[in-house]
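K.L.:
Structure provided below as structure tokens; questions to follow.
The values are calculated or read from the model by the stated rules, or taken from the named source; none is laboratory data. Computed from a predicted model, the values in this text were never measured in an experiment. Ideal geometry is used to build each Cβ from the backbone, glycine not excepted, and the neighbour counts take in all protein chains shown. Surface accessibility is based on the protein's heavy atoms, side chains included, excluding ligands, DNA and RNA. Shrake-Rupley method; radii C 1.70, N 1.55, O 1.52, S 1.80 Å.
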Amino acid sequence: MTSSDLSQRAALVLQQTVELYLTQGSAVSSSQVAKRVKGRGLSPASIRARLSELEELGLLEQPH
């Protein structure tokens with residue numbers, strides 16, 4: 001899978017999630033991503049949906 005296979009929203013959420021994780025070194029919440037993408041038409045609920053999609057694709061892993 002390439003980044004062109006992802007929707008623009010999913011790619012944006014993935015990029016911001018990775019950047020936050022690299023900056024803070026711990027799990028990233030949907031509210032943290034929402035703050036970074038404010039004004040781009042993504043609600044926390046839609047961010048959670050994109051995070052779930054990314055997890056299903058094996059691009060992210062949710063710690064439990």
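K.L.:
Residue pairs, Cβ under 7 Å, 6 or more apart or interchain, first in region 19-31 and small (Gly, Ala, Ser), second open to solvent by 70 Å² or more (accessible area, probe 1.4 Å). List them.
P.N.:
Within 7 Å, the pairs are 27/63; 30/48.
Yes/no per residue for (1) surrounded by 15 or more Cβ atoms within 10 Å (Cβ to Cβ); (2) over 8 Å from the mean Cα position of the chain (by Cα); (3) at pLDDT 90 or above:
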residue	(1), (2), (3)
5	no, yes, no
13	yes, no, yes
19	no, yes, yes
40	no, yes, no
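K.L.:
Can residue 45 be described as among the hydrophobic types (A, V, I, L, M, F, W, C), in a helix (DSSP H, G or I) and surrounded by 13 or more Cβ atoms within 10 Å (Cβ to Cβ)?
P.N.:
Criteria not met by residue 45.
K.L.:
From the residues in region 21-38 that are within 17 Å of residue 61 (Cβ to Cβ), of a type in the set (Ser, Thr, Tyr) and open to solvent by 50 Å² or more (accessible area, probe 1.4 Å), which one is nearest to the chain's Cα centre (by Cα)?
P.N.:
Filtering region 21-38 for residues that are within 17 Å of residue 61 (Cβ to Cβ), of a type in the set (Ser, Thr, Tyr) and open to solvent by 50 Å² or more (accessible area, probe 1.4 Å), the one nearest to the chain's Cα centre (by Cα) comes out as 21.
K.L.:
Given the condition more than 22 Å from residue 63 (Cβ to Cβ) and among the hydroxyl-bearing types (Ser, Thr, Tyr), answer yes or no: does some residue in region 39-46 qualify?
P.N.:
Of region 39-46, the ones more than 22 Å from residue 63 (Cβ to Cβ) are 39-43.
Now narrow it down to the ones that are among the hydroxyl-bearing types (Ser, Thr, Tyr): 43.
Taking every residue of region 39-46 in turn, at least one turns out to be more than 22 Å from residue 63 (Cβ to Cβ) and among the hydroxyl-bearing types (Ser, Thr, Tyr).
K.L.:
In addition: What pairs can you find where one residue is in region 35-64 and at positive phi, the other is surrounded by fewer than 13 Cβ atoms within 10 Å (Cβ to Cβ), and their Cβ atoms are less than 9 Å apart, with a gap of 6+ or different chains?
P.N.:
Pairs found: 58/1.
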